[in-house]
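A.B. asks: Before anything else, here's the structure in question.
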Amino acid sequence: MHEPDQPLLDEATLAELAVSVGGDIAFVRELIEAYLGDAPQQIEQIRRAADAGDAASVVRPAHTLKSSSATVGAQRLASRARRLELASLVNELEGAREDLDGLDGEWQVTGAALREWTAKATSR
């Protein structure tokens with residue numbers, strides 16, 4: 001489940017990130033590339049733990065994915081990871097099945113959007 005009014009990428013967050021690093025778009029690109037490399041690992045850890053029914057082992061990768069996604073403006077993915085984190089904290093992964101089932105698809109569109117954003121930002 002994602003909030004229809006929530007953007008895939010929050011341009012304001014990306015702009016704030018650029019400002020926070022002194023307008024160094026190359027550094028923002030590096031941060032996004034690091035995120036693009038790390039997020040699939042977090043998603044895989046979430047998936048393995050959830051498939052094993054190990055809610056406690058979902059907490060850390062879901063929290064990491066939530067935080068890193070929010071940092072790069074990936075709000076819908078951050079929201080999904082937050083719901084997974086909260087569900088795992090109370091051992092209710094079955095209640096988060098829709099978020100688990102949609103995690104890979106949300107990641108695919110998020111990753112593509114961030115790659116597109118970095119390509120545009122680099123060409124400016």
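A.B. asks: Describe numerically, in nm with one decimal, the distance between label points set 7 Å from Cα along Cα→Cβ at ASP51 and at LEU36.
C.D. replies: Output for this residue pair reads 2.6 nm.
A.B. asks: When only Cα pairs under 8 Å and 6 or more residues apart are kept, what is the percent relative contact order across the chain?
C.D. replies: This gives 32 percent for the chain.
A.B. asks: Given the Cα-Cα distance of LYS120 and VAL90 and 0.36 nm per residue of separation, how much length would full extension add, in nm?
C.D. replies: Residue separation times 0.36 nm, minus the Cα-Cα distance, leaves 6.7 nm.
A.B. asks: Additional query: Stokes-Einstein D for the chain at 25 °C, 0.890 mPa s, Kirkwood Rh over Cα pairs, in µm²/s?
C.D. replies: 168 µm²/s
A.B. asks: Among THR71, THR122, THR13, whose Cα lies farthest out toward the positive end of the dipole of the chain, if unit charges sit on the beta carbon of Lys, Arg (+1) and Asp, Glu (-1)?
C.D. replies: THR122
A.B. asks: Among ALA78, ALA96, ALA52, which one shows the biggest mean-square fluctuation in a GNM of the chain, springs joining Cα atoms closer than 10 Å?
C.D. replies: ALA52
A.B. asks: Per the helix-only calculation at 222 nm, which mean residue ellipticity applies to the chain, given -39500 (n - 2.57) for every DSSP H run of n ≥ 4 and division by its residues, nearest 500 deg cm²/dmol?
C.D. replies: Theoretical 222 nm ellipticity from helices: -26000 deg cm²/dmol.
A.B. asks: A follow-up question, please. Could you provide, to the nearest whole Å², the per residue accessible area of the chain with probe 1.4 Å?
C.D. replies: With all protein chains present, the chain gives 52 Å² per residue.
A.B. asks: Still on this model: Apply 1/(1 + (r/R0)^6) to the Cβ-Cβ distance of SER20 and VAL109, taking R0 = 30 Å, and write down the FRET efficiency to the nearest 0.05.
C.D. replies: 0.75
A.B. asks: Carbon and sulfur together cover what percent of the accessible area of segment 51-110 at a 1.4 Å probe radius?
C.D. replies: Carbon and sulfur together cover 48 percent of it.
The values are calculated or read from the model by the stated rules, or taken from the named source; none is laboratory data. These figures come from a predicted structure and were not determined experimentally. Virtual Cβ from ideal backbone geometry, glycine too; neighbours counted across all protein chains shown. What goes into the accessible areas is simple: the full protein's heavy atoms, side chains included, and nothing from ligands, DNA or RNA. Shrake-Rupley method; radii C 1.70, N 1.55, O 1.52, S 1.80 Å.
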